[in-house]
1. Specify the residue that is farthest from the chain's Cα centre (by Cα); the eligible residues are those in region 36-47 that are in a loop (DSSP other than H, G, I, E, B) and modelled with pLDDT of 90 or more.
2. If the requirement is being open to solvent by less than 100 Å² (accessible area, probe 1.4 Å) and at pLDDT below 90, which of these qualifies: Arg50, Arg31?
3. What number of residues in region 1-27 are hydrophobic (A, V, I, L, M, F, W, C), over 12 Å from Trp37 (Cα atoms) and assigned to a strand (DSSP E or B)?
4. How many residues are in contact with a Ser or Thr (Cβ under 9 Å, 6 or more places away or on another chain) and open to solvent by 100 Å² or more (accessible area, probe 1.4 Å) if we restrict to region 1-28?
Amino acid sequence: MLIEGPVEVTLPDGGVVRSDRFTAAVCLCGRSARYPWCDTSHRRRPPRSRRGADSEQ
């Protein structure tokens with residue numbers, strides 16, 4: 001999700017991270033190594049609901 005910056009994000013543990021960029025990319029899938037910021041990890045793996053679907057059939 002793209003958000004106009006600057007932006008502050010409160011993490012589940014109560015910590016706060018800030019981006020001063022003009023536009024910040026926030027991770028919504030949870031795969032990013034830089035969470036809460038998106039690092040495009042979602043492009044390299046199939047969606048969670050599809051992972052392992054073939055082996056279940």
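The values are calculated or read from the model by the stated rules, or taken from the named source; none is laboratory data. Computed from a predicted model, the values in this text were never measured in an experiment. Heads up, the Cβs are rebuilt from the backbone with ideal geometry, glycines too, and the neighbour counts pull from every protein chain shown. Surface accessibility is based on the protein's heavy atoms, side chains included, excluding ligands, DNA and RNA. Shrake-Rupley method; radii C 1.70, N 1.55, O 1.52, S 1.80 Å.
1. Step one: filter region 36-47 for residues in a loop (DSSP other than H, G, I, E, B), giving 36, 38-40, 44-47.
The next check asks that each one be modelled with pLDDT of 90 or more; those that pass are 36, 38-39.
Working: Pro36: 5, Cys38: 4, Asp39: 7 Å.
Checked region 36-47; the qualifying residue farthest from the chain's Cα centre (by Cα) is Asp39.
2. Among Arg50, Arg31, only Arg31 is open to solvent by less than 100 Å² (accessible area, probe 1.4 Å) and at pLDDT below 90.
3. Here the count works out to 1.
4. Qualifying residue count, region 1-28: 3.
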